[in-house]
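The values are calculated or read from the model by the stated rules, or taken from the named source; none is laboratory data. These figures come from a predicted structure and were not determined experimentally. Positions of Cβ are backbone-derived with ideal geometry, glycine not excepted, and every protein chain shown enters the neighbour counts. Just the protein is used for accessible areas: all its heavy atoms, side chains included, with ligands, DNA and RNA removed. Shrake-Rupley method; radii C 1.70, N 1.55, O 1.52, S 1.80 Å.
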Amino acid sequence: MRLALSTTDRKLQVEVDANTTTDAVEVVVSYNQWNSATASAKGTQQTSITTTTITDICDAPLSAMPKEVLFVNIHNPDTADHVITLYYYAAGTRYIIFKGNIASGATFTTTNSQGMIVDEAGAVQWSAGTTGGGGGFSTMDIIWNDSLDTTGDITISPDRLASLDGNHTCSTYTTVGLIDGKWYFEINVLDSDADQTDLFTGMYGGRANLTSGASDTGKYLWRGNGSTYYDANNGPAIGTYNSADLKFAMDLDGDEWFCGYVAGAWQNSGDPAAGTGQISALGNDFFLHPALMSDNSDKINSYEIAANAAYLQDTVPTGYLPFGSFTMKFTANSNHTAAAFTLSGSPTRVATITAAAGGTRAAANVARSTGKYYIEFERTAGLECGFGVRYAKSGTQAAVYYMSDGDVQDESSNALATEGTYAVGDIVGIALDMDTDSIWFSVNGVWQSGDPSTGSSPTYTGALLTGPAYVPFAYGAADNDSFTMFPTTSSFTYTKPTGYSAWGDSDVDQ
């Protein structure tokens, strides 16, 4: 389990159920300063506890950079067993990471597969085996997708981006893209070469090949030499960068993007909060991923994306949210949602077709580009509907969806397969494996063909699922059809397949 401690009051604490009888309970915390590669910013903190009083074991950081806690070891050398509680303390509230018996001589170590965080009222904020964040207390980062790196130049370990060979073009973007809203993120430079003039940072959206050149349609990039590229055009010349931490704001509703230096100025006299001085228009791509690209001559060393509040160094512009804090919903973007839908957001996320509107579709706002994802829909009313996935760029005929009469179709209603029917009140599950271009459907927890956990007998495998990013969508074939989307682990009725993440969980660690 990875936690980030802020600069003010976040810390880790331990409580022992009773005074130890012989030796103290020993706690070792390993940490480093986030976004710092210096040896002095890394280390361990060891504490011996001999009292039932809650003891601080890792203080809040003293510098401007949060601490990233890598692991915590709790060892009980005492002759007696003890119930020991590990707390995450933030803003006056203690959150329980671990509470349990540690036997005499035993050691407990927090990892990515152990523990949970609950508040004092007992509500789970984060738990093992899920990727859903809870109020910013789980800080697993939005991660890079290196599937476009056809020359094998990019390595990621675990959230930091590096290039082993800068003699080729290498490119990547994040595993998640968004369709609407106002979003902020940073790209932090931990360790760089002397010359980064051919490094491109920014956003990518809507096109299949990021590696074919800096001015491709669908890119909104800032180059180290101060040039910018948007869609298929050159943008204004702005500031240069080498070893600098960069910030980006993208307004997908107002069709604008901004870039600047962390703790410094927005370029081109930009002001994202006011919507003025943007670099350029975003064009007509509809979904965007933070992106990084090197063009032929540079080596990229130790770059990482900061997408969640705990990692950000600069102030998020008014009206914007950290990129990693998205909430999945049906988008009101007219390119994805027919006007005949009435949309409501959290918590039910229902879309209802109004009068004389059969044949309309509503897409979700979160695009995925690689990996394995699961989502559920409930058919709540109407004569006939369908659920599936479609390519995230509007207008592209690349979709696979499962109708309530059992037909599996593409977006032109061509038959792809036949499965069982489902009725009002049934829950339809969708498992999409974008690494093998395969999809499965379930009804009330029963897979209609094969098993996505093992990869056997998908309902469909093929070209319709080979695009760079997809969104879930629902189709209403008749008037007054309605449905509910359940995109997060906590909202599921049935267990997601082994190896799959919830489509709408806001933190990604896979």
Quiz prompt | Single residue of 416, 383 found to be in a loop (DSSP other than H, G, I, E, B) and of a type outside the set (S, T, N, Q) | solution = 383
Quiz item: Out of the range 272-306, which residues are modelled with pLDDT of 85 or more and either assigned to a loop (DSSP other than H, G, I, E, B) or surrounded by fewer than 15 Cβ atoms within 10 Å (Cβ to Cβ) (or both)?
Solution: 272, 273, 274, 275, 276, 277, 278, 279
Quiz item: Of the conditions (1) at pLDDT 95 or above; (2) in a loop (DSSP other than H, G, I, E, B); (3) touching a Phe, Trp or Tyr at 6+ places or on another chain (Cβ under 9 Å); (4) open to solvent by 30 Å² or more (accessible area, probe 1.4 Å), residue 422 fails just one. Which one is it?
Solution: (4)
Quiz item: From the list 56, 23, which residue is modelled with pLDDT of 70 or more, part of a loop (DSSP other than H, G, I, E, B) and open to solvent by 30 Å² or more (accessible area, probe 1.4 Å)?
Solution: 23
Self-check item: Search result, residues across the range 439-465 that are among the hydrophobic types (A, V, I, L, M, F, W, C) and open to solvent by less than 40 Å² (accessible area, probe 1.4 Å)
Solution: 439, 440, 441, 443, 464, 465
Self-check item: Residue satisfying condition, being open to solvent by 10 Å² or more (accessible area, probe 1.4 Å), modelled with pLDDT of 95 or more and more than 21 Å from the chain's Cα centre (by Cα), within set 398, 417
Solution: 417
Quiz item: Of all residues in the range 90-118, which are at pLDDT 80 or above and either assigned to a strand (DSSP E or B) or acidic (Asp, Glu) (or both)?
Solution: 101, 102
Self-check item: Positions within the range 408-432 being farther than 22 Å from residue 468 by Cα and of a type in the set (D, E, K, R), in sequence order
Solution: 419, 426
Quiz prompt | Of all residues making up the range 233-271, the number that are within 22 Å of residue 303 (Cβ to Cβ), open to solvent by 50 Å² or more (accessible area, probe 1.4 Å) and in contact with a Leu (Cβ under 7 Å, 6 or more places away or on another chain) | solution = 1
